[in-house]
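Working notes, beginning with the structure itself.
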Amino acid sequence: MKDGKLLTLAIESSCDETAAAVMLEGRCSLSNIISSQIDIHKLYGGVVPEIASRHHLDNVNRVVGQAIDEAGVTFEDIDIIGVTYGPGLVGALLIGLATAKAYALAGDKPLIGVHHIQGHICANYIEHKELKPPFMALVISGGHTNIVEVTDYNKCHVLGGTRDDAAGEAYDKVARVLGLGYPGGPLIDKLAREGNPEAVQFKRVFLEKGSLDFSFSGIKTGVLNYINSEEQADREINTADVAAGFQAAVLEVIVTKTVRAAIDMNKDKIVLAGGVAANSRLREMFEEECDKNHLKLYYPSPVLCTDNAAMIGCAAYYKYMAGEVSDLTLDAIPNLKL
Ligand code: KG4
Ligand code: ZN
């Protein structure tokens, strides 16, 4: 406790970020430490699960110690421990989970397992103090693309998801095809600003009428086919135009479906979350469409869009307040459903 307020220590290790945070009363972050492995995985063009696990193991105790120090508290002050237990890479999840269990056991503190996507949505509560459910959320990251109806802090319902690649995965794959490097999302975001989105057009994949699902695997092939045909014809490729065209196609589908879901389900707010929610064009398009349709739009700053532990601590707080505590047999679930 700090000044009579509940303190949460949270750990996140589902992919390639080893992260720990201390939260005060759920929505205020006293520290938010993120140790990124991006520079290591860059060498391989994507996350190598075995390498990720080893680095989590090397870093996790240091990151947790730093989170507690930076928050200006002691481990004894911590009331509850929140941790991501899925979805994610199983070896990576296990490191964070085993660490959280050890701290919970040693300090006799409640352990709260958190769904990673629930955490991403909660990132918005940290920055927007007035935000309350209900709302329509779009969780869009390297591993997930979901339209989620959020009816209460601990209640949500997935209305649609990707049938193949996640949106962030599509960004990363197209960036690789364009020779841009990893992770591709921020690089395409920047490059597309210099391109003309109309110059090279890609198919918008809306699927069946009324569906809130997505399919992004075809667009990577579309980009690849375009590059091959231009190369064969000996024409120069304008990568900025390709990046802008790719982004326009993907974002049109994402924005249209999310706004439609909000209107159809009588929601007056749209909440963006996940790494791709950091995308500047995505934010602009949502701003425009939400304005037109009288919807209020929320999104976190980029550091809370990508993986972090503050969002996990916030989700753990709401679970704990609802009496949802895990026991020490909690297992890592790589394909955990929401
Ligand atoms: O949420 P996150 O850190 O990890 C997962 O849970 O997957 O998201 C990482 C993903 C990567 O695919 C990355 O390329 C993408 O988010 N990303 C972006 C941007 N920043 C990160 N995609 C598009 N535009 C960005 N500015
Ligand atoms: Zn994530």
**Study point:** Extension gain, R54 back to K337 (0.36 nm per residue minus Cα-Cα distance, nm)
**Key:** 99.3 nm
Practice item. Taking only Cα atoms and a 10 Å spring cutoff, compute GNM fluctuations for the chain and point out the largest among D241, D108, D307. Key: D108
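Roll a 1.4 Å probe over the protein chains and send me the accessible area per residue for the stretch 169-260 in Å².
Values: 4500 Å² over 92 residues.
With the other protein chains kept in place, the stretch 169-260 gives 49 Å² per residue.
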Practice item. With a point put 7 Å past each Cα toward its Cβ, work out how far F75 is from I263 in nm, to one decimal. Key: 5.4
Exercise for review: Write out the GluC sites (Glu not before Pro) in the stretch 175-264 meeting two conditions: DSSP loop, and at most 12 other Cβ atoms within 10 Å of their Cβ.
Suggested key: E194, E198, E208, E236
Study note, to complete from the structure: With a 1.4 angstrom probe the carbon and sulfur portion of accessible area for the stretch 231-300, in percent, totals 41
Practice item. Compute the length gained on full extension between H294 and T151: take 0.36 nm times their separation in residues and subtract their Cα-Cα distance, giving the result in nm to one decimal. Key: 49.5 nm
Check your understanding: By how many nm would the segment from E252 to K2 lengthen if fully extended, with 0.36 nm per residue of separation less the alpha-carbon distance?
Key -> 85.4 nm
Practice item. Would you compute, for the Cα atoms of the stretch 167-234, the largest minus smallest coordinate along each principal axis and list the three values in descending order, in whole Å? Key: 40, 28, 19
Practice item. Kindly work out what percent of the DSSP beta bridges joining two residues of the chain are antiparallel, to the nearest 5. Key: 60
Exercise for review: Find, among the trypsin sites (Lys or Arg not before Pro) in the stretch 113-183, those assigned to loop by DSSP (not H, G, I, E, B) with at most 13 other beta-carbon atoms within 10 angstrom.
Suggested key: K129
Point to revise | Kirkwood Rh and Cα Rg combined as Rg over Rh, evaluated for the stretch 133-301 | key: 0.99
**Study point:** the chain, Rg to Rh (Cα coordinates; Rh as Kirkwood inverse mean 1/r)
**Key:** 0.99
Exercise for review: Sticking with the crude label model, points 7 Å out along Cα→Cβ, report the distance from L105 to E25 in nm, one decimal please.
Suggested key: 3.5
Check your understanding: Once both labels are modelled 7 Å past Cα along the beta-carbon direction, what's the L207-D327 spacing in nm?
Key -> 3.8
Check your understanding: Between their Cα atoms, which of K220/K267; K155/K267; K2/K129; K296/K319; K129/K319 are more than 23 Å away from each other?
Key -> K220/K267; K296/K319
Check your understanding: So which cysteines of the chain have no other cysteine's Cβ under 4.7 Å from theirs?
Key -> C15, C28, C156, C290, C305
Review point. Roughly how compact is the stretch 123-168, stated as its Cα Rg over 2.2 N^0.38 Å to two decimals?
Key: 1.24
**Study point:** Percent RCO, i.e. relative contact order, over the stretch 140-185, from Cα pairs under 8 Å lying at least 6 residues apart
**Key:** 34
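The values are calculated or read from the model by the stated rules, or taken from the named source; none is laboratory data. This structure is a prediction, so every number in the text was calculated from the model and none was measured. Note that we place each Cβ from the backbone using ideal geometry, even for glycine, and neighbour counts take in every protein chain shown. Just so you know, the surface numbers come from the protein's heavy atoms only, side chains and all, with ligands and any DNA or RNA stripped out. Shrake-Rupley method; radii C 1.70, N 1.55, O 1.52, S 1.80 Å.
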